[in-house]
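**Student:** The following block contains the structure, expressed as structure tokens.
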Amino acid sequence: MAGALKIGFSSYSAPDEGVLLVFAGPNLKFGPATQALLKPVADLVARAAAADRFKGKSGSSLDLVAPQGLKVARLIVVGVGADAEAKPDDKVKLGGSAFGRAPASAGEVTIVAEFPSGPLTPDQAADIALGAALRAYSFDRYKTKKKSDEDAPKQRRLTVCVDAPDKARKAFASREAIAEGVVMARDLVNEPANVLYPEEFARRATTLKKLGVEVEVLDKKALTRLKMNALLGVGQGSIRESRVVVMRWNGGKKGAKPLAFIGKGVCFDTGGISIKPAAGMEDMKGDMAGAACVVGLMHTLAARKAKVNAIGAIGLVENMPDGNAQRPGDIVTSMSGQTIEIINTDAEGRLVLADVLWYVGKTYKPEFMVDLATLTGAIIVSLGHEYAGLFSNDDKLAERLAEAGKLTGERVWRMPLGPEYDKQIDSKFADMKNTGGRMGGAITAAQFLQRFVDKIPWAHLDIAGTGMGSPQSDINKSWGSGFGVRLLDRLVADSYEK
Ligand code: BES
Ligand code: MN
Ligand code: ZN
């Protein structure tokens, strides 16, 4: 189940209802199977194309309502341009943009997965289906005034017509796991903070047990015993108790080092005593997008039975101002033993991650650690909403992440780290302070995190600009984007599964 869209594959055949989508190149060139399907309307399509000056350019389309000669309610010819061979994620995008051309009222949608140059491969057809599944997502749980059934069918169905439907169906299995993981992450990010507080977040992560994931929830008592005081300090102003959840997927060789994914899960970030301005503060319900991605990723890895050992660990807190809240000037002793002077209680994400990174590094000695966090506004100033910031102590890991970013379209841009930045986080009173001033704010935050990574290959992804409120795309119309699930799934699949 991927969202509200049911997906199937069939051989090339003319559907008798709904919307039919086909691909065309310049001069109204169709693939042979498409041409055969459109035979009864060849003349009509040619006349409509001429009337609409449709040239088959990529990004253009031709819309025919109730075409005489076909049973469908609508035929949409989607232009794919001349060069049909491009980046892999293009087929995912194409699936999203094509599916998006069908009106939301269409219950039955058929896409003929054939290019002017010939049939698409099973993998490409499955990519098209993935794109459609991602595009179909919308978060409407709290919309009580649903449109009439006619306007919005309860269950939408997509059929992808392809040369070898059995092979395409098989190829789609792993993509379906990806779509589910992305949907899970998006749901978590979109959910409001009165519903999704640390305990409830932990409960939702616990549902991964049904896929064979081991899930361990550390409550306040356990965290106190572990001396995670940096994390606990952030949550101490909230009536909602903090949690850390550790998810373990053992799909690899017994005893093989696990890959570790760590997420910032600030269920709501008011800033604490260093309170944020009111305007836009509602967006801080999404300050757990890193943790959401980790849960979505663990779902995907388990659902597609990835041949790898993986750990997902998330630090869940709520950052509130309160009589019991942490103050600027407070000094906390992190689990690592290093002391931190709190300068600004709004720089809370790094405090949460400091303890979780340390805990995971020491407990599991992983092959690598990748953390994801909506960590700084500064990364949005640097990179906007197009790229996530990538910081790493390991060139190989950084390269692999950049490559996975290119392949999935979830792009990352490497930023510097270095001892030159350390002086900005030196403290008068403690081992370090939790803010480094305005200059290079995303870098000093990463430099802070690095102090809690003991020689393990590590990468930090600052997803403040990409995890939520990023520009909508062909495959995402949702505020919470689910950024990182596809990126990290690809990293795992391409470099760590044998
Ligand atoms: N959660 C915010 C960062 C953020 C800002 C995420 C906008 C998404 C959109 C983080 O906890 C924060 O408040 N960072 C401060 C750090 C500063 C006090 C050093 C920031 O970026 O202003
Ligand atoms: Mn903050
Ligand atoms: Zn935050």
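**Student:** Please list, ordered by first then second residue, the pairs with beta carbon atoms under 9 Å, 6 or more apart or interchain, first in segment 357-384 and more than 17 Å from GLY271 (Cβ to Cβ), second open to solvent by 10 Å² or more (accessible area, probe 1.4 Å) and among the basic types (Lys, Arg).
**Tutor:** Every condition considered, the pairs that remain are GLY361/LYS455; TYR364/ARG248; TYR364/LYS257; LYS365/LYS257; PRO366/LYS257; GLU367/LYS257; PHE368/LYS257.
**Student:** Among the listed residues ASP322, ASP283, ASP287, which satisfies the condition of being open to solvent by less than 40 Å² (accessible area, probe 1.4 Å) and either in contact with a strand residue (DSSP E or B) (Cβ under 6 Å, 6 or more places away or on another chain) or not aliphatic (A, V, I, L, M) (or both)?
**Tutor:** Only one candidate qualifies: ASP287.
**Student:** From (1) in contact (Cβ under 8 Å) with a residue 40 or more places away in the chain; (2) closer than 13 Å to GLU241 by Cα, pick out the condition that doesn't hold for ALA222.
**Tutor:** So ALA222 meets the others, but not (1).
**Student:** If the requirement is being more than 27 Å from VAL317 (Cβ to Cβ), within 15 Å of ligand 1 (Cβ to nearest atom) and either open to solvent by less than 60 Å² (accessible area, probe 1.4 Å) or of a type in the set (A, V, I, L, M, F, W, C) (or both), which of these qualifies: GLY384, GLY377?
**Tutor:** Checking each option against the conditions leaves just GLY384.
**Student:** Kindly evaluate LYS423 against the criterion of being in contact (Cβ under 8 Å) with a residue 40 or more places away in the chain and surrounded by fewer than 17 Cβ atoms within 10 Å (Cβ to Cβ).
**Tutor:** In short, no.
One line per residue, one yes/no per condition, for (1) farther than 17 Å from PHE261 by Cβ; (2) away from ligand 2 (no atom under 16 Å from the Cβ):
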residue: LEU357; (1), (2): no, yes
residue: THR363; (1), (2): no, yes
residue: LEU372; (1), (2): no, no
residue: SER382; (1), (2): yes, yes
residue: PRO416; (1), (2): yes, yes
residue: PRO419; (1), (2): yes, yes
residue: LYS423; (1), (2): yes, yes
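**Student:** From the list GLN68, GLN124, which residue is modelled with pLDDT of 95 or more and within 24 Å of the chain's Cα centre (by Cα)?
**Tutor:** So the residue among GLN68, GLN124 that is modelled with pLDDT of 95 or more and within 24 Å of the chain's Cα centre (by Cα) is GLN124.
**Student:** Is it fair to say ARG135 is touching a Phe, Trp or Tyr at 6+ places or on another chain (Cβ under 7 Å), in a helix (DSSP H, G or I) and either within 29 Å of LEU28 (Cβ to Cβ) or of a type in the set (A, V, I, L, M) (or both)?
**Tutor:** Judged against the criteria, ARG135 is a match.
**Student:** Out of the strands (runs of 3 or more DSSP E) lying entirely within segment 337-437, which hold 2 or more residues that are within 16 Å of ligand 3 (Cβ to nearest atom)?
**Tutor:** The qualifying strands (runs of 3 or more DSSP E) are 368-373, 388-392.
**Student:** Quick check on segment 241-296: of everything there that is among the β-branched types (Val, Ile, Thr) and in a strand (DSSP E or B), which residue is nearest to ligand 3 (Cβ to nearest atom)?
**Tutor:** Residue satisfying both the conditions and the ranking: VAL266.
**Student:** Sticking with this one: Scan segment 357-374 for residues that are touching a strand residue (DSSP E or B) at 6+ places or on another chain (Cβ under 9 Å), away from ligand 1 (no atom under 15 Å from the Cβ) and not hydrophobic (A, V, I, L, M, F, W, C) and jot them down.
**Tutor:** Hits for segment 357-374 are TYR359, GLY361, THR363, TYR364, PRO366, GLU367.
**Student:** Still on this model: From ALA354, ALA310, which residue is at negative phi, within 16 Å of ligand 1 (Cβ to nearest atom) and surrounded by 24 or more Cβ atoms within 10 Å (Cβ to Cβ)?
**Tutor:** Being at negative phi, within 16 Å of ligand 1 (Cβ to nearest atom) and surrounded by 24 or more Cβ atoms within 10 Å (Cβ to Cβ) holds for just one of ALA354, ALA310, which is ALA354.
**Student:** For segment 164-182, state whether one or more residues are out of contact with any Ser or Thr (no Cβ under 8 Å at 6 or more places or on another chain), in a loop (DSSP other than H, G, I, E, B) and not hydrophobic (A, V, I, L, M, F, W, C).
**Tutor:** No, segment 164-182 contains no residue that is out of contact with any Ser or Thr (no Cβ under 8 Å at 6 or more places or on another chain), in a loop (DSSP other than H, G, I, E, B) and not hydrophobic (A, V, I, L, M, F, W, C).
**Student:** Quick one: which residue in LEU208, LEU130, LEU196 is part of a loop (DSSP other than H, G, I, E, B) and modelled with pLDDT of 95 or more?
**Tutor:** LEU196
**Student:** Working carefully through the options SER11, SER58, find the one that is open to solvent by 60 Å² or more (accessible area, probe 1.4 Å), in contact (Cβ under 8 Å) with a residue 60 or more places away in the chain and not charged (D, E, K, R).
**Tutor:** None of the other options fit; the residue is SER11.
The values are calculated or read from the model by the stated rules, or taken from the named source; none is laboratory data. Source: prediction; values computed, not measured. Quick reminder, even Gly has a Cβ in these numbers, built from the backbone with ideal geometry, and neighbours come from all protein chains shown. When the accessible area is computed, the model is the full protein with side chains, heavy atoms only, and any ligands, DNA or RNA have been set aside. Shrake-Rupley method; radii C 1.70, N 1.55, O 1.52, S 1.80 Å.
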